[in-house]
Every structure is written in C-alpha cells, then in structure tokens.
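The values are calculated or read from the model by the stated rules, or taken from the named source; none is laboratory data. Computed from a predicted structure; not experimentally measured. A quick note on method: Cβ atoms are made from the backbone with ideal geometry, for glycine too, and the neighbour counts reach across all protein chains shown.
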Amino acid sequence: MELDDCIKGRRSVRRFEDKPVPKEVVDELLEAGVSAPSGMNAKPWRFVVIENRDVIQRLSKMTKEVLLKGQWPDNLKESFKSERDVIFYGAPLLILMCVPKKDEWRTINLLDCGLAAENIFLKAYQEGLGSCFIGFANFLNQNPKQLAEVGVPEDHELIAPMIFGYPAEKPAPKSHEIKILNWIK
Ligand SMILES: Cc1cc2nc3c(=O)[nH]c(=O)nc-3n(C[C@H](O)[C@H](O)[C@H](O)COP(=O)(O)O)c2cc1C
C-alpha cells in the first residue's frame with residue numbers, strides 16, 4: 001500500500017471480527033513502533049501486549065470504575081456504568097505503550113510515544129487491521145497496582161493504550177481542515 005493511501009485511509013475502528021491477530025503481525029507492529037524517531041534517541045517506549053480477552057475485559061472494567069469517579073456528561077457516565085466493553089470495544093489485541101516515569105523527560109516521552117503510536121497505526125492499516133488509540137485507558141495510571149498486575153511496573157506510566165483487530169467496520173476516509181495561522185514568504 002502506498003504511504004499516502006495509508007495516511008489518508010486510516011480511521012479509528014471500534015468493531016472487530018472474532019479473529020486473533022497472528023504473532024508475526026504483532027511483531028511487525030512493534031517493529032514499526034520502535035522505528036519512530038525519539039528525542040536523544042532514547043527510545044523510552046516499553047510494551048505490554050495483551051491477547052487474552054479475559055484480561056482485556058478486566059482492564060476495561062477497571063477503567064470504567066476509575067472513570068466513574070470523575071465528572072462526565074450523562075451519556076458517557078451511563079455508558080461507563082454498562083456491562084459492555086465501551087473502552088476496548090471487544091478488540092482481540094491490546095498493546096500498552098509505557099515509559100519509565102521521569103518528570104523532566106515527560107514531554108519528550110509523550111511525543112516519542114505519539115510518533116511510535118502513529119507508526120504502529122499506519123502499519124496496522126497496511127496489514128489490514130483496524131486500530132484505535134484508547135485515551136480513556138490512561139486513567140488506569142491512577143491505579144499503578146492494577147497496571148502492575150498486567151506487567152506495567154509501578155515506576156512506569158501508561159502513555160498509549162492501543163487496540164487492534166480485523167475490522168468489522170470500514171469507516172470512510174475523511175477530509176480535514178488545514179488551519180494555518182500564518183505563512184510568511
Ligand atoms: C490521544 C487520543 C486519545 C483517544 N482516545 C480515545 C478513546 O478513549 N476512545 C475512543 O473510542 N477513541 C479514542 N481516540 C480516537 C479519536 O476519537 C479519533 O482518532 C478521532 O475521532 C479521529 O478519527 P479517526 O482516527 O478515525 O481519524 C483517541 C485518539 C487519540 C489521538
């Protein structure tokens with residue numbers, strides 16, 4: 001697939017087929033992620049790969065419990081109360097991209113992870129997978145002990161929770177506004 005088709009065709013996917021993602025494909029995703037540039041070439045990202053649906057469901061439940069402690073519009077609050085997996089959408093693969101907690105490097109670490117995440121999403125799209133960034137799951141950082149249970153050390157922070165699977169929906173490409181503040185010639 002041409003890079004341009006990949007960049008413009010990728011959309012967030014929230015419905016998946018009941019089909020696992022092969023190990024070789026997961027390896028390709030991670031390879032794409034770690035090929036991203038990073039500040040001082042620090043490559044701060046660490047990954048937890050979760051293919052076990054029970055574990056993904058447990059994390060979904062934990063995320064909803066944390067979210068329900070916050071202030072949300074009624075419709076979101078209702079969805080967080082439901083038994084449905086409104087967090088990871090029943091995806092068969094969850095990858096948690098984490099970094100060691102180092103306050104002075106946090107901004108750079110965030111940027112590094114964002115770049116790596118987009119590499120992974122584009123590679124996923126090229127491989128015929130659907131994907132979505134799940135920022136709601138970042139609220140799990142409020143419970144480091146629960147994250148530790150799935151392998152995120154307590155001195156690490158979860159930055160990019162990402163879901164993947166073979167898509168059961170194909171959102172159409174969108175057009176995007178380009179907001180230029182100034183263009184000096
Ligand atoms: C940092 C970040 C956090 C996001 N968090 C969520 C989320 O928690 N749940 C969700 O369904 N989508 C989430 N998304 C997906 C966005 O809603 C989506 O990227 C946006 O609507 C644009 O749509 P597109 O990805 O199809 O182009 C997140 C995206 C980003 C970049």
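Some points to look at:
- Within region 127-185, if we keep just the residues that are among the hydroxyl-bearing types (S, T, Y) and part of a loop (DSSP other than H, G, I, E, B), the residue that is modelled with the highest pLDDT turns out to be Y166.
- Residues that are exposed (fewer than 15 other Cβ atoms within 10 Å of the Cβ), part of a helix (DSSP H, G or I) and not charged (D, E, K, R), drawn from region 58-75: N75
- Tally of residues being over 16 Å from the mean Cα position of the chain (by Cα) and more than 26 Å from S79 (Cβ to Cβ) across region 45-67: 0
Rundown of residues vs (1) more than 24 Å from R58 (Cα to Cα); (2) in contact with a Cys (Cβ under 8 Å, 6 or more places away or on another chain); (3) loosely packed, with under 15 Cβ neighbours inside 10 Å, yes/no style:
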site: A124; (1), (2), (3): yes, no, no
site: G135; (1), (2), (3): no, no, yes
site: N138; (1), (2), (3): no, no, no
site: V152; (1), (2), (3): no, yes, no
site: E157; (1), (2), (3): no, yes, no
site: A160; (1), (2), (3): no, yes, no
site: P167; (1), (2), (3): no, no, no
site: A172; (1), (2), (3): yes, no, yes
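- Whenever a residue of region 91-104 is closer than 20 Å to F139 by Cβ, its partners that are in a loop (DSSP other than H, G, I, E, B) and aromatic (F, W, Y), lying with C-beta atoms within less than 8 angstrom and at least six residues away or across chains, give the pairs L94/F88; M97/W45; C98/W45; V99/W45.
- Boolean, E83 is part of a strand (DSSP E or B), out of contact with any Leu (no Cβ under 8 Å at 6 or more places or on another chain) and more than 13 Å from the ligand (Cβ to nearest atom): no
- Pairs, first within 6 Å of the ligand (Cβ to nearest atom) in region 129-142, second assigned to a helix (DSSP H, G or I), C-beta under 7 Å, six or more apart: F133/A117; F136/T63; F136/L67
- Filtering region 115-125 for residues that are of a type in the set (D, E), within 14 Å of the ligand (Cβ to nearest atom) and farther than 14 Å from I163 by Cβ leaves a non-empty set.
- Enumeration of residues in region 9-46 that are within 16 Å of the ligand (Cβ to nearest atom), in contact with a Lys or Arg (Cβ under 9 Å, 6 or more places away or on another chain) and under 11 Å from Y125 (Cα atoms): R11, V13
- In the set (1) surrounded by fewer than 12 Cβ atoms within 10 Å (Cβ to Cβ); (2) touching a Gly at 6+ places or on another chain (Cβ under 9 Å), W45 fails one condition alone, (1).
- Within region 143-185, restricting attention to residues that are among the basic types (K, R) and more than 16 Å from the ligand (Cβ to nearest atom), the residue that is nearest to the chain's Cα centre (by Cα) is K145.
- Count of residues meeting criterion [part of a helix (DSSP H, G or I) and of a type outside the set (F, W, Y)] in region 92-125: 20
- P37 falls short on exactly one of the conditions (1) surrounded by 13 or more Cβ atoms within 10 Å (Cβ to Cβ); (2) in contact (Cβ under 8 Å) with a residue 12 or more places away in the chain, and that condition is (1).
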